[in-house]
Structures are given as C-alpha cells and as structure tokens.
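The values are calculated or read from the model by the stated rules, or taken from the named source; none is laboratory data. Quantities reported herein were computed from a predicted structural model and do not represent experimental measurements. Don't worry about glycine lacking a Cβ; one is built from the backbone with ideal geometry, like all the others, and counts go over all protein chains shown.
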Amino acid sequence: MSAFAPFKALVHQRCGLHLEGLAEARLFRAVASLQASTGLTDTTQLLRKISRDPVLFDQFVSQLTVNETYFFANLTLWTGWSTPIYRNA
C-alpha cells in the first residue's frame, strides 16, 4: 500500500473525489505542501492532523480541485469564455 492511499481514501470518503491517474500528481504536491506548512514529515501524523482539523482538510482539498469559481470572479475571463467564437456565415 502506498503512503498516499490513506489520503486518497479520506478524500474519497469525505468528498467523493477519486484521485487516480493524473490527479495523483496533485495529491503528491498537496501532501508535500501540507508537510512544509505543518512541519510534519510523517504521513501518518499528517493524515491524523487533517482528519481532525476541518480547516486544514479544506485547504488540502482546495489544492486537489480546480477552482472553477475563478472564472466568475474574474469578469475578463468570464467574458472571454461567454463570447461565441463561431459566427453564422
């Protein structure tokens, strides 16, 4: 079992996210970021901490997901996405 499997299981249990394939790279980066910010290099201790700290868990999950609301917060990007690119000939 990978050291990251418990993190995958926790995220799946709480959020329903599957972190397989390409999403694994984001998981590795998110765990490394948490280790740096908390000073916990032991993954078992880190898992225990994010399991008990809802704010830290939310920060962790936000690193695993794409923040689509960014498009709505940035009017210039939203306008670009909402403008049709094909015109009737």
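Does the range 15-29 contain any residue that is at pLDDT below 95 and on the phi > 0 side of the Ramachandran plot? Within the range 15-29, one or more residues are at pLDDT below 95 and on the phi > 0 side of the Ramachandran plot.
Residues in the range 1-21 that are within 12 Å of the chain's Cα centre (by Cα) and hydrophobic (A, V, I, L, M, F, W, C): Phe7, Val11, Cys15, Leu17, Leu19.
Out of the residues in the range 34-66 that are assigned to a helix (DSSP H, G or I), of a type in the set (D, E, K, R) and modelled with pLDDT of 95 or more, state the one that is surrounded by the most Cβ atoms within 10 Å (Cβ to Cβ). Lay out the reasoning, then the answer.
Let us first name the residues in the range 34-66 that are assigned to a helix (DSSP H, G or I), namely 34-38, 43-52, 54-62.
Next, from what is left, pick out any that are of a type in the set (D, E, K, R): 48-49, 52, 58.
After this cut, where a residue has to be modelled with pLDDT of 95 or more as well, the list is 48-49, 52.
Working: Arg48: 13, Lys49: 15, Arg52: 9.
Taking the candidates together, the pick is Lys49.
Among the residues making up the range 1-33, those that are surrounded by fewer than 11 Cβ atoms within 10 Å (Cβ to Cβ) and outside any helix (DSSP H, G or I) are Met1, Ser2, Gly16, His18, Glu20, Gly21, Leu22.
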